[in-house]
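The values are calculated or read from the model by the stated rules, or taken from the named source; none is laboratory data. All of these numbers come straight from a predicted model, not from anything done at the bench. So basically every Cβ, Gly included, is an ideal-geometry build from the backbone, and we count neighbours across all protein chains shown. Accessible surface is based on the protein model in full, side chains and every heavy atom, while ligands, DNA and RNA are left aside. Shrake-Rupley method; radii C 1.70, N 1.55, O 1.52, S 1.80 Å.
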There are 2 protein chains.
Amino acid sequence: MTSAAAPKKDPWDLPDVSGLTVGVLGGTGDQGRGLAYRLALAGQRVIIGSRAAERAHEAATEIGHGVEGAANAECAERSDVVVVAVPWDGHARTLGALRAELAGKLVVDCVNPLGFDKKGAYPIKPEEGSAAEQAAALLPESRVTAAFHHLSAVLLADPAIDEIETDVMVLGEVRADCEVVQALAGRIPGMRGVFAGRLRNAHQVESLVANLISVNRRYGAHAGIQLTDV
Amino acid sequence: MTSAAAPKKDPWDLPDVSGLTVGVLGGTGDQGRGLAYRLALAGQRVIIGSRAAERAHEAATEIGHGVEGAANAECAERSDVVVVAVPWDGHARTLGALRAELAGKLVVDCVNPLGFDKKGAYPIKPEEGSAAEQAAALLPESRVTAAFHHLSAVLLADPAIDEIETDVMVLGEVRADCEVVQALAGRIPGMRGVFAGRLRNAHQVESLVANLISVNRRYGAHAGIQLTDV
């Protein structure tokens with residue numbers, strides 16, 4: 001006898017990701033470097049990528065905690081999960097050049113396309129809808145998700161801060177892929193990965209950083225997001 | 001002797017808004033009704049508006065706590081602050097018809113332009129950029145702000161819930177107007193009004209409701225937002 005419906009899967013039952021190697025493209029920038037540091041500190045194997053292998057090696061040495069550096073292509077090839085933390089204006093070029101190396105990989109886009117003028121930050125809408133959807137268009141053989149948009153690079157980098165109490169909104173089309181990213185976020189003390197929709201709903205998540213910048217300016221803060229009632 | 005710079009204003013020093021009358025256009029809908037209930041419970045004078053005065057009277061009686069009902073035009077005229085909680089598809093028509101009555105008023109747009117299909121919710125981008133910017137375009141003599149986008153109508157309506165622990169992101173061009181709205185949000189126990197940018201950054205705040213809907217579906221929650229480090 002079978003029951004009418006399969007039991008609903010516990011959304012907090014996430015996979016063990018401790019054995020995965022995480023690459024961070026743009027790992028010499030503030031955001032990438034901060035994420036690499038936190039993931040390595042949590043025991044994850046991390047390789048940061050840069051256009052120049054030399055710069056990646058230098059940054060990796062500075063970060064410590066076993067982080068390695070490599071040219072972007074090698075970083076992508078050697079990693080199971082590849083975080084994209086490059087500046088928006090190099091996003092399409094960088095990913096387009098790594099299509100082969102990123103085939104089959106779980107890609108986590110955390111790029112926020114923003115413009116700046118005298119009035120502050122404002123969102124840029126990519127033709128594909130969002131940075132994450134641009135990544136998905138450029139990397140048809142990869143499994144593309146989006147996450148880690150709202151983290152303060154200042155807090156990530158501060159060794160005096162042990163816990164970063166924040167929720168990481170994870171977006172993607174395939175539940176198992178999102179769950180890997182959620183589990184990765186959960187490796188960092190204080191952080192929680194929360195599924196927050198499909199890639200077509202990535203633009204507003206990316207753009208919300210413009211609002212966080214306004215908050216930071218008004219309140220002298222390093223604002224992040226938490227979801228209530230979850 | 002004068003100091004080189006004026007002392008920076010404390011961003012949490014907000015005005016006393018207890019004497020203001022708050023109108024809620026669309027006050028017979030779930031969101032408007034919930035907000036009217038919470039503001040009235042907090043001691044605010046509240047008038048809900050509807051196209052038909054009769055329906056507004058009925059809903060006001062059901063809400064209780066001194067809430068009054070009126071046709072939209074009278075609601076707008078008699079209020080100091082007017083919350084716009086109408087459905088998106090009636091937004092332009094309703095506001096366009098009330099330009100005279102809303103002249104000089106502080107308008108608080110809380111409309112989320114969303115579409116729905118088999119894959120869930122997705123954002124609709126108004127020609128003006130956002131619902132709030134559409135309101136500003138239609139109401140050139142009003143002071144337009146945007147806020148109260150991420151509140152769960154279910155939690156607002158539940159009389160068993162005393163506190164709603166959430167942050168209300170308040171957007172607008174004029175600091176004093178935003179501060180009135182922030183103070184209004186702060187009248188509701190657990191809520192805090194936080195300045196979160198100019199109206200050109202409203203679209204992503206409105207659209208984020210699509211993500212909250214995904215969160216609610218996955219986790220069986222009534223998700224809201226809190227800002228960390230603020």
Pull out a ≥ b ≥ c, the square roots of the eigenvalues of the alpha-carbon gyration tensor of the stretch A:170-230, then state rounded if a/c is under 1.5, prolate if not and a/b is larger than b/c, and oblate in the remaining case.
oblate
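Rounded to the nearest 500 deg cm²/dmol, what is the calculated helix-only ellipticity per residue at 222 nm for chain B, with -39500 (n - 2.57) per DSSP H run of length n ≥ 4? Before the final figure, lay out the partial values.
Numbers: 9 runs with 83 residues, N = 230.
Result for chain B, helices only: -10500 deg cm²/dmol.
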Only Lys, Arg (+1) and Asp, Glu (-1) charged, at Cβ; the stretch B:81-230 dipole about Cα centre in debye:
300
Cα-Cα P(r), the stretch B:65-177, percent of pairs per 5 Å interval:
2, 10, 19, 21, 19, 16, 9, 3, 0
If the limit is 23 Å between Cα atoms, which of A:9/B:119; A:125/B:125; A:125/B:9; A:118/B:105; B:105/B:125; A:8/A:105 go over it?
A:125/B:9; A:118/B:105; B:105/B:125; A:8/A:105
Which one of B:112, B:17, B:129 is farthest out on the positive end of the charge dipole of the protein assembly as shown, using unit charges on Cβ (Lys, Arg +1; Asp, Glu -1) and the Cα centre as origin?
B:129
Among all stretches of chain B without exposed GluC sites (Glu not before Pro) (DSSP loop, at most 12 other Cβ atoms within 10 Å), which one is longest?
B:1-126
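Under 8 Å for C-alpha pairs, at least 6 residues apart: give me the relative contact order for chain A, rounded to a whole percent.
Values: 490 pairs, mean separation 40.1, N = 230.
For chain A, the relative contact order is 17 percent.
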For the stretch B:173-215, residues shielded by at least 40 square angstrom of accessible area compared with the chain on its own, probe 1.4 Å
B:175, B:195, B:198, B:200, B:201, B:204, B:208, B:211, B:214, B:215
Taking a label point 7 Å out from Cα toward Cβ, give me the nm distances from residue A:55 to the same spot in the other copies, shortest first, one decimal.
5.9
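Would the protein assembly as shown count as rounded, prolate or oblate if I go by the C-alpha gyration tensor, calling it rounded below 1.5 in a/c and otherwise prolate when a/b exceeds b/c, oblate otherwise? Present the calculation step by step, with values, prior to reporting the outcome.
Working: a/c = 2.11, a/b = 1.73, b/c = 1.22.
Because a/c hits 1.5 or more and a/b exceeds b/c, the protein assembly as shown counts as prolate.
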Cα gyration tensor, the stretch B:1-145 - rounded (a/c under 1.5), prolate or oblate
oblate
Find the centroid of the Cα atoms in the stretch A:134-212 and in the stretch B:19-72, then give the distance between the two in whole Å.
39
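Report, to the nearest whole %, how much of the accessible area of the stretch B:1-126 belongs to carbon and sulfur atoms, 1.4 Å probe, protein only.
On the way: 3150 of 6140 Å².
For the stretch B:1-126, the apolar C and S fraction of the accessible surface comes to 51 percent.
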Per residue, how much accessible area does the stretch B:102-230 show when a 1.4 Å probe rolls over the protein heavy atoms, in square angstrom?
34
Residue A:119 and residue B:100 label points (each 7 Å along its Cα→Cβ direction) are spaced in nm at 3.1
Given +1 on the Cβ of Lys and Arg, -1 on the Cβ of Asp and Glu, and no further charges, what dipole in debye does the stretch B:18-159 carry about its Cα centre, rounded to the nearest 20?
180
Give the ranking of A:116, A:195 by solvent-accessible surface, highest area first, calculated with a 1.4 Å probe.
A:116, A:195
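Could you size up the charge dipole of the stretch A:105-152 around its Cα centre, putting +1 on the beta carbon of Lys and Arg and -1 on that of Asp and Glu, and report it in debye to the nearest 20? Don't skip to the answer; put the middle values down first.
Numbers: 5 positive and 6 negative charges, 41 e Å.
The dipole of the stretch A:105-152 has a size of about 200 debye.
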